[in-house]
Amino acid sequence: MIRPGHVAVILAAAVMLAGMMLTNPDYNSIVRPFVSHAGPGESGATRLIEGRLTGWRTADTIAFSDYSGDKLRRTDGVFLIAELSLTGRSTSTLVAAEWVGASGRHYATTSRVSGLRQQIEDVWLQPGLDMKAIAIFELPPDELEGGAVLLTLRLNPPLDGTILLDAPTDPAPHEAVARFDG
């Protein structure tokens, strides 16, 4: 014969187990990098890197020179040029950047512009040394306002931190052609 007290204990245990199962994080969120958030003009830091968005501008066309001559790159969207100040904290490392648009979509730096000095893909961060870098993104114009730069380690170890740098509240200055020296 089943007693009502035993049934109540079993039901309470089942409800608690269901609650734990529904609130338990999945594996992907357990090993996701820690995000350090920095407001406009502020510096953000993780265990290995420190960074700040020092300026930004947009352009319809990018002009630059490389070993084979002068190049022009145009886009149907807009080129976003993010100027960054970066520092390594405890070891030499490489950094990658993404633009997190207003919609939450992530945009990688464009590969159509390569060979420019100080591009983030080519900058080795050294502990205690400030480095200037640029990250160039190609994106739709409506992804600028409310966006942010996400800095990660290039090799992206799963548990190391990332930095989310909010864009300035002022609109980005726009140029028809942004010129760079090779």
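The values are calculated or read from the model by the stated rules, or taken from the named source; none is laboratory data. For clarity, every value in this text was computed on a predicted model and none was experimentally measured. All Cβ positions, glycine included, derive from the backbone under ideal geometry; neighbour counts span all protein chains shown. Only protein heavy atoms, including side chains, enter the accessible area calculation; ligands, DNA and RNA are left aside. Shrake-Rupley method; radii C 1.70, N 1.55, O 1.52, S 1.80 Å.
Structure notes:
- Within the shell of other residues whose beta carbon sits under 11 angstrom from the beta carbon of M131, the net charge comes to -2, with Lys and Arg scored +1 and Asp and Glu -1.
- H106/R3 FRET efficiency (R0 45 Å; Cβ-Cβ; nearest 0.05): 0.20
- Taken about its Cα centre, the chain carries a charge dipole of about 620 debye when Lys and Arg each add +1 at the Cβ and Asp and Glu each add -1 at the Cβ.
- A dipole drawn for the stretch 66-181 from +1 and -1 charges on Cβ atoms has a positive end, and of L86, F180, S68 the residue lying farthest that way is S68.
- Taking each DSSP H run with n ≥ 4 as -39500 (n - 2.57) and averaging over every residue of the chain yields -4000 deg cm²/dmol at 222 nm.
- Global form of the stretch 110-182, assessed from the alpha-carbon gyration tensor, a/c cut-off 1.5: oblate
- Between the beta carbons of R47 and D170, assuming R0 = 35 Å, the FRET efficiency works out to 0.65 to the nearest 0.05.
- For V35, the residues 5 or more places off, or on other chains, whose built amide H falls under 5 Å of its own are T162.
- P(r) tail, the stretch 79-133: Cα-Cα pairs separated by more than 16 Å, 47% of all pairs.
- Gaussian network model of the chain, Cα within-10 Å springs - most flexible of G88, G69, G77: G69
- Radius of gyration, Dmax [the chain; alpha carbons; angstrom]: 22.8, 91
- Protein heavy-atom surface of the stretch 33-180, 1.4 angstrom probe: 51% of the accessible area is carbon and sulfur, with nucleic acids and ligands not counted.
- Stretchable slack from R179 to S68, in nm (0.36 nm times residue separation minus alpha-carbon distance): 38.3 nm
- Of the GluC sites (Glu not before Pro) found in the stretch 32-128, those in coil by DSSP whose Cβ has at most 12 other Cβ atoms within 10 Å are E42.
- Only beta bridges with both residues in the chain are counted; by DSSP, about 80 percent of them are antiparallel.
- Computed from the C-beta positions of E83 and M21, the FRET efficiency with R₀ = 41 Å rounds to 0.30.
- Probing with 1.4 Å while keeping every protein chain in the model, the per residue accessible area of the chain equals 60 Å².
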